[in-house]
Amino acid sequence: MRVFVGLDIDDEIRGRMEEFIREVRGLAPDVRWVTPESLHVTLKFVGEKPDGVVKEIEKTLGSIAAEAFEVSFRGRGFFPTAKAARVFWVGIETDARLAQLADKVEDKLAGIGIPKEERAFSPHLTLARGGARIGSGSGAPGRRSGDRVNQRFAKLQERLNEQATLEFGTMAAREFFLYRSQLSPKGARYTKIARFGLGSSRE
């Protein structure tokens, strides 16, 4: 089972992003835009694991104590660079508690043999992928030897440069989830396996 840990986003913010995607997707028709229902913030990509390990992951995540926090979605960018863009993302603004939660997830899962992420945690919300391989993982893609200048996002970038900073709103993050990711030629479908509440820190 292919799994990851993440935050869901509020329906109101999801609706604003859906409207934005509908307005601009024609400017980048050759990329894969995410479906609104699959929008999420990745805390930890785990990958393919046997069902027994997934159960252990679920139990381990249930032991995490962390505080709720607010998250604002604004700004945008491209990975790995604007000229060689493979991913179009929306920025996330929050306080230290989001990174602290991600660190706790990493530490707890490392304790049961799940390798820690080599890259530093870089919170963002992916809206489109152009050229990324299905099943190639999650998170911010670094540079690859085959990266070259491309035009997949050029018209979208021109439009974005003409307008003010993107603003999608602020939400309270009071829970996080273990998700299952099922891949298909049409993209990934995400299903929540387990929910974990956020409240006052007990650690």
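The values are calculated or read from the model by the stated rules, or taken from the named source; none is laboratory data. Nothing here was measured: the structure is a model prediction, and the numbers come from that model. All Cβ positions, glycine included, derive from the backbone under ideal geometry; neighbour counts span all protein chains shown.
If a residue must be more than 17 Å from Thr170 (Cα to Cα) and out of contact with any strand residue (DSSP E or B) (no Cβ under 9 Å at 6 or more places or on another chain), how many such residues does the stretch 10-23 contain? Let's see the steps before the verdict.
Restricting attention to the stretch 10-23, the residues satisfying the condition of being more than 17 Å from Thr170 (Cα to Cα) are 21-23.
Keeping just the survivors that are out of contact with any strand residue (DSSP E or B) (no Cβ under 9 Å at 6 or more places or on another chain) gives 22-23.
The total comes to 2.
Scan the stretch 155-203 for residues that are under 24 Å from Glu93 (Cα atoms), in contact with a Lys or Arg (Cβ under 8 Å, 6 or more places away or on another chain) and without any contact (Cβ under 8 Å) to a residue 40 or more places away in the chain and report the count.
Matching residues across the stretch 155-203 total 1.
Any idea which of Arg97, Arg76 is touching an Asp or Glu at 6+ places or on another chain (Cβ under 7 Å) and of a type in the set (Lys, Arg)? Let's see the steps before the verdict.
Working: Arg76 fails: touching an Asp or Glu at 6+ places or on another chain (Cβ under 7 Å).
Of Arg97, Arg76, the one residue that is touching an Asp or Glu at 6+ places or on another chain (Cβ under 7 Å) and of a type in the set (Lys, Arg) is Arg97.
For Asn161, which of the numbered conditions (1) at pLDDT 95 or above; (2) part of a helix (DSSP H, G or I); (3) closer than 26 Å to Ser72 by Cα fails to hold?
(1)
Tell me which residues, restricted to the stretch 50-85, are touching a residue at least 60 places away in the same chain (Cβ under 8 Å) and charged (D, E, K, R).
Glu58, Glu67, Glu70, Arg74, Arg76, Lys83
Scanning the stretch 150-203 for residues that are of a type in the set (Lys, Arg) and under 17 Å from Ala82 (Cα atoms), which turns out surrounded by the fewest Cβ atoms within 10 Å (Cβ to Cβ)? If you could, list the steps in order and put the result at the bottom.
Here is the first cut: in the stretch 150-203, the ones of a type in the set (Lys, Arg) are 152, 155, 159, 174, 180, 186, 189, 192, 195, 202.
This time we only want the ones that are under 17 Å from Ala82 (Cα atoms), so: 152, 155, 159.
On the way: Arg152: 20, Lys155: 14, Arg159: 12.
So, considering only residues that are of a type in the set (Lys, Arg) and under 17 Å from Ala82 (Cα atoms), the one surrounded by the fewest Cβ atoms within 10 Å (Cβ to Cβ) is Arg159.
Only one of Val90, Val53 is among the aliphatic types (A, V, I, L, M) and under 16 Å from the mean Cα position of the chain (by Cα). Can you tell me which? I'd like the intermediate steps shown before the answer.
Numbers: Val53 fails: under 16 Å from the mean Cα position of the chain (by Cα).
Matching residue, one of Val90, Val53: Val90.
For the stretch 163-193, name all the residues that are farther than 23 Å from Gln100 by Cβ and among the polar types (S, T, N, Q).
Result: Gln163, Thr165, Ser181, Gln182, Ser184, Thr191.
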